[in-house]
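Data first, discussion second: the structure below is written as structure tokens.
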Amino acid sequence: MSFKTRRSFSPWVALALVAIAEILTLSVWFSASVVSSPLAHLWHLNSIEVALLTASVQLGFVIGAVVSSLTGAADRFNARRVFSIAAASGAAVNVLFIVSGSWEIGILLRLLTGAAMVGVYPVAVKLVTQWSPARRGTAVGILVGALTLGSALPHLILFLGVHAPWQSILVASSVLALLGAGIVALLLPDPPNETRRALSKISLVSLRSVLANKAAMLANYGYFGHMWELYAMWTWFPAFVYASFVIHGDQRGATATASVIGFLAIGVAGAIGSLTGGVLADKFGRTAIAGAAMAMSGLCALAIGVAYGGSPWVVIVIGMVWGFAVIADSAQFSAAVTELSAPEYVGTALTLQTAIGFLITIFSINLIAVLKDLIGWQWAFVSLSVGPFLGIYAMLRLRASAASIVMANGKR
């Protein structure tokens, strides 16, 4: 596509294409996690081994992100091509899980799935910021909403095909990821203001530049607290709902009900929260909205256990509020880093942020697996509240930082 055509291509159309592609591609993330019950029976797995079906994706993402950060790959290569290749690769290794035959090989394939996603979400954020819509917080909020919907898609697929074999979930998610790769490869042009560093020997210059940026690192610290809570909630909330409904006496249809509630709380409420957070952040400031969202989600983590085994409607309401709040701040950390980092290091900065954030999720996901067996569901989620409350402190520090005045619209 010519430069002139790229210049006339609407940034918001580009955002829509990237968001749709991300929704479809991120469906591979939890594709194995949502079928953990039949896999646990098939492979005789305990709670920790079930948790590792998700945690291994996180670890694969971390390993891939570290490699990307050290090499600066996210800033060296064409972002659109990186996304397409990564999405297609993720689809391939995801569907291979069907023939893995054992938990050990399955975990290896989930690691590879996570590594492939390094070329999807951070690169999608870079693509959107390169197209530079007028309201960056809103744009990245939409993108995080797409991540949320994509991550929750397997729960919807499971609900729609509740009696279908577990393998169909992985096939469906891989097909969706291939569609996502095709959208970016065939329909999205390169951004007119694309920036790429020339190929060179592996260097730590870009990584050192990111680490030395105090304001950007404060945004990262907020993100780390947010991530302590986010993926553990996404991983275990449907299981919590199922267990709560069974205790309440609603065992019939509990699996399907937990799947659809999981999709509504994680996907639908989360997508609305992402968009709302982005719009409000552009108006009132990133640190203010991120702090408010973390306060709300931290309180939900404290309160949800009280509803365990009680009225299903109370569980659903708290879960929907939690699903809304737990992701409403996410886009603002990414947007802040793109605003506070040098343009030539944005890809590396985003990849480093997500690498450490996803490393943290491995510990919180497995912590819930231990706590639910040790002290019960009533208290397990309380441990997640630590992350958002520490994140609030980081946002207060960033708000007071003089460097934060470079953020969009002068808002902090």
Tally, over segment 75-110, of residues that are surrounded by 23 or more Cβ atoms within 10 Å (Cβ to Cβ) and hydroxyl-bearing (Ser, Thr, Tyr): 1
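Checking the condition under 25 Å from residue 233 (Cβ atoms) and of a type outside the set (D, E, K, R), which residue from 79, 86, 51, 91 passes?
51
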Candidate set: segment 32-46, residues that are part of a helix (DSSP H, G or I) and open to solvent by less than 30 Å² (accessible area, probe 1.4 Å); chosen: the one nearest to residue 100 (Cα to Cα): 39
Check on residue 288, buried (at least 21 other Cβ atoms within 10 Å of the Cβ), in contact (Cβ under 8 Å) with a residue 24 or more places away in the chain and under 30 Å from residue 399 (Cα atoms): no
Matching option when the condition is among the β-branched types (Val, Ile, Thr), in a helix (DSSP H, G or I) and under 16 Å from residue 159 (Cβ atoms), among 257, 235: 257
Of all residues making up segment 156-190, the number that are open to solvent by 40 Å² or more (accessible area, probe 1.4 Å), of a type in the set (Gly, Ala, Ser) and in a loop (DSSP other than H, G, I, E, B): 1
Among the residues listed as 270, 309, 278, the single one being assigned to a helix (DSSP H, G or I) and either at pLDDT 90 or above or more than 19 Å from the chain's Cα centre (by Cα) (or both): 270
Residue check, residue 349 of a type outside the set (Phe, Trp, Tyr), open to solvent by less than 40 Å² (accessible area, probe 1.4 Å) and more than 21 Å from residue 54 (Cβ to Cβ): yes
Unmet criterion (only one of (1) of a type outside the set (Ser, Thr, Tyr); (2) in contact with a Lys or Arg (Cβ under 6 Å, 6 or more places away or on another chain); (3) open to solvent by 10 Å² or more (accessible area, probe 1.4 Å)) for residue 339: (2)
Among (1) touching a Leu at 6+ places or on another chain (Cβ under 7 Å); (2) at pLDDT 95 or above - the single one residue 89 does not satisfy: (1)
Of the criteria (1) over 23 Å from residue 67 (Cβ atoms); (2) open to solvent by 30 Å² or more (accessible area, probe 1.4 Å); (3) part of a helix (DSSP H, G or I), which one residue 140 fails: (2)
Selected residue [out of contact with any Leu (no Cβ under 9 Å at 6 or more places or on another chain), crowded, with 22+ Cβ neighbours inside 10 Å and within 26 Å of residue 246 (Cβ to Cβ)] from 307, 301, 269: 269
Unmet criterion (only one of (1) farther than 17 Å from residue 353 by Cβ; (2) modelled with pLDDT under 85) for residue 72: (1)
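The values are calculated or read from the model by the stated rules, or taken from the named source; none is laboratory data. These figures come from a predicted structure and were not determined experimentally. Please note: Cβ atoms are built from the backbone with ideal geometry, for glycine as well, and neighbour counts cover all protein chains shown. To get the accessible areas, we keep the full protein, side chains included, count just its heavy atoms, and leave off ligands, DNA and RNA. Shrake-Rupley method; radii C 1.70, N 1.55, O 1.52, S 1.80 Å.
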